[in-house]
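One structure is given here, and the rest of the page talks about it.
The values are calculated or read from the model by the stated rules, or taken from the named source; none is laboratory data. As the structure is a prediction and not an experimental result, all values here were calculated from the model. Glycine also receives a Cβ, built like all others from the backbone with ideal geometry; neighbour counts cover every protein chain displayed.
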Amino acid sequence: MTTPVLRRIHHVAYRCREARATVEWYERMLGMRYTTAFAEDHVPSTGEFDPYMHVFLDCGGGNVLAFFELPNQPPMDRDPNTPAWVQHLAFEVADEAALLAAKAHLETQGVPVLGPTYHGIFKSIYFFDPNGHRLELACNIGTSEQLAELARLAPVMLEEWSRTRRAPRQAAWLHQPPEASA
């Protein structure tokens, strides 16, 4: 048996409270293009009766974000055992100017934004969509040398974490502002 050869993520799907409001928010706030909707009374994969609206938004670069509105299910909620900062969707923007422009746009629309936050090889901002999903916009700032070093360190760090469950320090420089690491 051979391992499948993946080409890309076809789409990522999340739940939403209201499909129309979600589509309009992603179009207005992030410039995504609404492309497709599926709606059924029965789930194709299981046959269960569970009416839904499934909407798809083009994020650019062949990336698709989808949402399900499920009116017959209990109200949506998040995992109470997972901190709000953990589960999120991160989108890439071209550069720091685009990141700051996006922050300004979101804030003028009344969306609270955290950041920019420095991550060594990228900077990002964080905010929530109307469904409570945490979103991140990030711009890459890392050098090819930094990326190569992180790739070299990744297996070493994972091994150390697996043994100790303590943060390995080999890449601690990632969260030190440039002036502090000079």
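What to note about this one:
- Residue list for segment 14-36, filter: surrounded by 13 or more Cβ atoms within 10 Å (Cβ to Cβ), over 26 Å from residue 101 (Cα atoms) and not acidic (Asp, Glu): 14, 15, 16, 17, 19
- Per the listing 36, 117, 82, the residue uniquely farther than 30 Å from residue 176 by Cβ and of a type in the set (S, T, N, Q) is 36.
- Annotation: of all residues in segment 93-108 being in a helix (DSSP H, G or I) and not small (Gly, Ala, Ser), the one that is farthest from the chain's Cα centre (by Cα) is 108.
- Any hit, segment 54-64, residues being in a loop (DSSP other than H, G, I, E, B), within 19 Å of residue 132 (Cβ to Cβ) and either at pLDDT 95 or above or of a type outside the set (A, V, I, L, M, F, W, C) (or both): no
- Taking segment 44-92 as the range and being among the charged types (D, E, K, R), within 21 Å of residue 136 (Cα to Cα) and over 16 Å from the mean Cα position of the chain (by Cα) as the test, the residues that pass are 77, 79.
- Summed over segment 98-149, residues that are of a type in the set (Asp, Glu) and surrounded by fewer than 16 Cβ atoms within 10 Å (Cβ to Cβ) total 2.
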